[in-house]
1. Among the listed residues 347, 335, which satisfies the condition of being touching a helix residue (DSSP H, G or I) at 6+ places or on another chain (Cβ under 8 Å), more than 20 Å from residue 90 (Cβ to Cβ) and surrounded by fewer than 23 Cβ atoms within 10 Å (Cβ to Cβ)?
2. Could you tell me whether residue 241 is in contact (Cβ under 8 Å) with a residue 12 or more places away in the chain and surrounded by 15 or more Cβ atoms within 10 Å (Cβ to Cβ)?
3. From 40, 104, grab the single residue that is over 26 Å from residue 248 (Cβ atoms), in contact (Cβ under 8 Å) with a residue 60 or more places away in the chain and out of contact with any helix residue (DSSP H, G or I) (no Cβ under 8 Å at 6 or more places or on another chain).
4. Say whether the condition of being within 20 Å of the chain's Cα centre (by Cα) and free of Cβ contacts under 8 Å to residues at least 40 places away in the same chain is met by at least one residue in region 191-212.
5. Within region 167-188, identify whether any single residue is out of contact with any helix residue (DSSP H, G or I) (no Cβ under 9 Å at 6 or more places or on another chain) and within 23 Å of residue 137 (Cβ to Cβ), and answer yes or no.
6. Mind checking whether some residue in region 213-226 is over 27 Å from residue 109 (Cβ atoms), modelled with pLDDT of 95 or more and not in a loop (DSSP other than H, G, I, E, B)?
7. Taking region 1-50 as the search range and keeping residues that are part of a strand (DSSP E or B) and modelled with pLDDT of 50 or more, which one is surrounded by the fewest Cβ atoms within 10 Å (Cβ to Cβ)?
8. Could you tell me whether any residue of region 291-300 is free of Cβ contacts under 8 Å to residues at least 40 places away in the same chain, within 24 Å of residue 83 (Cβ to Cβ), in a helix (DSSP H, G or I) and more than 18 Å from the chain's Cα centre (by Cα)?
């Protein structure tokens with residue numbers, strides 16, 4: 001059985017020092033390619049002066065970056081996300097009650113069961129395999145046969161374990177992280193595409209490394225005195241208040257990075273994760289997930305969408321839509337005609353979100369929204385931060401600043417695109 005050395009963690013990995021606690025610990029268990037920096041979140045928590053007793057909401061929590069940073073600083077937090085794989089990852093990463101030694105003992109059990117599961121004749125009937133095959137992902141080379149069989153064998157070994165769901169979930173997170181970043185052929189640039197085949201990848205070895213990292217990180221963070229509590233909720237961020245049902249949660253601050261209006265299909269970037277978690281089984285289950293998300297790309301627009309009605313009076317959006325309508329004249333490909341619609345639906349959805357989240361904030365509650373301007377719609381500039389600030393004011397917030405976070409290079413428009421932090425707060429009302 002593997003032992004967790006008191007000084008150095010697992011025998012194969014060096015224990016992080018206390019001075020590095022604000023770096024990759026826990027975050028590196030699983031990261032979203034389009035997620036934001038843990039250091040940025042830590043800086044925002046400090047800027048807002050948040051401390052124990054305060055509570056933070058991240059209504060687009062992704063893999064839990066904001067929540068983990070809050071926990072490290074002793075701040076309670078709640079995250080909301082409409083993507084089941086993101087909720088799953090964030091839930092695992094915020095469960096610091098897991099015992100490192102128990103994780104390592106379960107790893108021993110999996111290694112013993114791996115070869116038996118590898119020889120199983122039922123792997124081809126696994127729901128994950130069937131989904132990947134029926135959707136053409138195998139044929140298109142998302143993952144090669146040998147790494148896939150190894151991954152399914154580990155999945156089977158995890159399912160067969162006699163342990164709690166919390167420990168199985170931690171093992172599954174290590175597996176899907178290894179599938180995406182180690183075993184599969186997918187690459188991000190920033191859109192997902194398939195690279196060279198990784199036929200000889202040792203999935204079990206990569207999985208073992210990730211579990212040992214988890215155990216080491218848990219040993220570190222569990223030593224933080226009075227670390228914060230975190231909760232993850234599955235739901236549509238356009239209806240934040242409804243996600244809490246009858247609970248009366250009041251938050252000190254909101255820190256988040258919502259989707260940008262671009263051609264990033266967030267479910268496509270997480271398709272392998274969703275398949276291994278069996279959260280998608282066919283087009284209908286995938287469509288239901290997409291319908292609960294902010295409309296940020298043309299492949300997620302539906303005939304029943306009506307969020308555009310929330311921004312009909314915004315002059316900046318009107319002018320942007322007119323510019324896009326002129327730009328698509330004569331374009332032959334189908335998705336171009338949806339560019340004006342997706343912009344209206346995106347900002348309409350964000351307006352709905354802001355109106356809802358306002359009711360969850362305490363008076364004077366502070367907000368930081370990290371968003372990027374865009375130029376992927378025929379080169380038409382979409383000033384996301386500027387428009388979001390206008391919508392925040394329309395929803396009843398007081399905008400205090402728009403700060404540039406960084407400039408990234410956009411290959412579609414061959415120019416630098418700014419990513420900004422929109423800062424605003426809920427006004428303090430006086431009788």
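1. Working: 347 fails: surrounded by fewer than 23 Cβ atoms within 10 Å (Cβ to Cβ).
Among 347, 335, only 335 is touching a helix residue (DSSP H, G or I) at 6+ places or on another chain (Cβ under 8 Å), more than 20 Å from residue 90 (Cβ to Cβ) and surrounded by fewer than 23 Cβ atoms within 10 Å (Cβ to Cβ).
2. Values: in contact (Cβ under 8 Å) with a residue 12 or more places away in the chain: yes; surrounded by 15 or more Cβ atoms within 10 Å (Cβ to Cβ): no.
Answer is no for this residue.
3. Working: 104 fails: out of contact with any helix residue (DSSP H, G or I) (no Cβ under 8 Å at 6 or more places or on another chain).
Just a single option satisfies the conditions, and that option is 40.
4. Looking only at region 191-212, we keep the residues that are within 20 Å of the chain's Cα centre (by Cα), and these are 191-193, 210.
Filter once more, keeping what is free of Cβ contacts under 8 Å to residues at least 40 places away in the same chain: 193.
Within region 191-212, one or more residues are within 20 Å of the chain's Cα centre (by Cα) and free of Cβ contacts under 8 Å to residues at least 40 places away in the same chain.
5. Initial filter on region 167-188 (out of contact with any helix residue (DSSP H, G or I) (no Cβ under 9 Å at 6 or more places or on another chain)): 187.
Subsequent filtering for residues that are within 23 Å of residue 137 (Cβ to Cβ) retains 187.
Checked region 167-188: at least one residue is out of contact with any helix residue (DSSP H, G or I) (no Cβ under 9 Å at 6 or more places or on another chain) and within 23 Å of residue 137 (Cβ to Cβ).
6. no
7. Just the residues of region 1-50 that are part of a strand (DSSP E or B), to begin with: 4-5, 9-10.
Those still in the list that are modelled with pLDDT of 50 or more too: 4-5.
Values: 4: 19, 5: 14.
Taking the candidates together, the pick is 5.
8. Yes, that holds for at least one residue.
The values are calculated or read from the model by the stated rules, or taken from the named source; none is laboratory data. Since we're looking at a predicted model, the values are computed, not measured. Virtual Cβ from ideal backbone geometry, glycine too; neighbours counted across all protein chains shown.
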